[in-house]
Amino acid sequence: MIRIFNTKNSKHHPQEMDAMFRLRKRVFHDLLKWEVTVRGAWEIDNYDEANPLYVLSYDDETGRLRGSLRLLPTLGPNMLDDTFPTLLGDTPQIRSASVWESSRFCIDPEISQDRASNQVTIAAAELMCGVGELGLASRLSHVVTVTDVFLERMFRRMGCPGERIGEPQRIGSVHAVAVAWAVTDALLDTMKSVAQINGSVLAAPMSLEMARAA
């Protein structure tokens with residue numbers, strides 16, 4: 001199950017936001033050792049103050065948070081243009097109403113370590129399918145992200161390889177890369193097929209603007 005929070009309604013869901021920021025710290029700071037900003041038990045940065053959307057995946061049976069990501073329009077502050085422009089290579093800055101950035105993609109480490117189940121694929125695909133459904137409803141052309149080469153390989157296994165914008169660069173302790181996905185029905189169908197997801201992952205059809213105004 002996918003739930004979407006914006007800056008306004010997230011204030012009414014402190015437990016959900018607390019769980020998400022704690023998960024981000026566990027993944028990016030504790031596990032991956034990325035150079036991120038930590039405030040107490042949270043991983044949070046200045047882009048969380050830029051009116052983002054949060055896409056959260058929950059287990060249908062237990063209601064437990066399985067993973068999350070953050071969405072920002074590239075017309076405003078975003079990580080690729082403003083923090084990691086070196087990953088663009090020869091590509092000019094991406095500033096377009098039809099391109100949004102996905103960042104802080106993470107899956108609960110306990111799910112990732114459970115090799116006997118398919119939960120990591122389902123959770124990851126559900127997040128990406130949620131972005132795909134929002135993107136199609138909003139007539140986006142692409143979604144871009146900054147990730148590492150390990151997660152890039154996982155995206156390929158999920159059926160959404162994307163296209164590298166520039167060559168990988170070593171940033172801190174990881175080999176980072178910028179990736180762009182074309183927002184298409186075909187890509188969404190492939191991801192759902194790989195993860196064996198039937199129907200919409202969103203509770204109701206929704207565009208990005210509807211999600212920001214909810």
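If you go through segment 2-46 one residue at a time, how many are surrounded by 15 or more Cβ atoms within 10 Å (Cβ to Cβ), among the hydrophobic types (A, V, I, L, M, F, W, C) and in a loop (DSSP other than H, G, I, E, B)?
4
Residues checked against (1) exposed (fewer than 12 other Cβ atoms within 10 Å of the Cβ); (2) of a type in the set (Lys, Arg); (3) in contact (Cβ under 8 Å) with a residue 60 or more places away in the chain; (4) over 24 Å from residue 28 (Cβ atoms):
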{"residue": "151", "(1), (2), (3), (4)": "no, no, no, no"}
{"residue": "158", "(1), (2), (3), (4)": "no, no, no, no"}
{"residue": "162", "(1), (2), (3), (4)": "no, no, no, no"}
{"residue": "170", "(1), (2), (3), (4)": "yes, yes, no, no"}
{"residue": "184", "(1), (2), (3), (4)": "no, no, no, yes"}
{"residue": "187", "(1), (2), (3), (4)": "no, no, no, yes"}
{"residue": "191", "(1), (2), (3), (4)": "no, no, yes, no"}
{"residue": "198", "(1), (2), (3), (4)": "yes, no, no, yes"}
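What is the one condition in (1) on the phi < 0 side of the Ramachandran plot; (2) part of a loop (DSSP other than H, G, I, E, B) that residue 177 does not satisfy?
(2)
Can you list residue pairs whose Cβ atoms sit under 9 Å apart, with the first residue in segment 1-18 being farther than 18 Å from residue 205 by Cβ and the second being assigned to a helix (DSSP H, G or I) and among the basic types (Lys, Arg)? Count only pairs 6 or more apart in sequence or on different chains.
Cβ pairs passing all conditions: 7/212; 8/212.
If you check 133, 209, 126, which single one turns out to be touching a residue at least 40 places away in the same chain (Cβ under 8 Å), charged (D, E, K, R) and exposed (fewer than 15 other Cβ atoms within 10 Å of the Cβ)?
Numbers: 133 fails: exposed (fewer than 15 other Cβ atoms within 10 Å of the Cβ); 126 fails: exposed (fewer than 15 other Cβ atoms within 10 Å of the Cβ).
Residue meeting the stated conditions: 209.
The rows are residues; the columns are (1) surrounded by 14 or more Cβ atoms within 10 Å (Cβ to Cβ); (2) touching a residue at least 24 places away in the same chain (Cβ under 8 Å); (3) not in a loop (DSSP other than H, G, I, E, B).
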| position | (1), (2), (3) |
| --- | --- |
| 54 | yes, yes, yes |
| 66 | yes, yes, yes |
| 69 | yes, yes, yes |
| 72 | yes, yes, yes |
| 76 | yes, yes, no |
| 80 | yes, yes, yes |
| 87 | yes, yes, yes |
| 92 | no, no, no |
| 96 | yes, yes, no |
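Rule-based calculations on the coordinates, nothing more; no lab input. Please read all numbers here as calculations on a predicted model, not as lab measurements. Ideal geometry is used to build each Cβ from the backbone, glycine not excepted, and the neighbour counts take in all protein chains shown.
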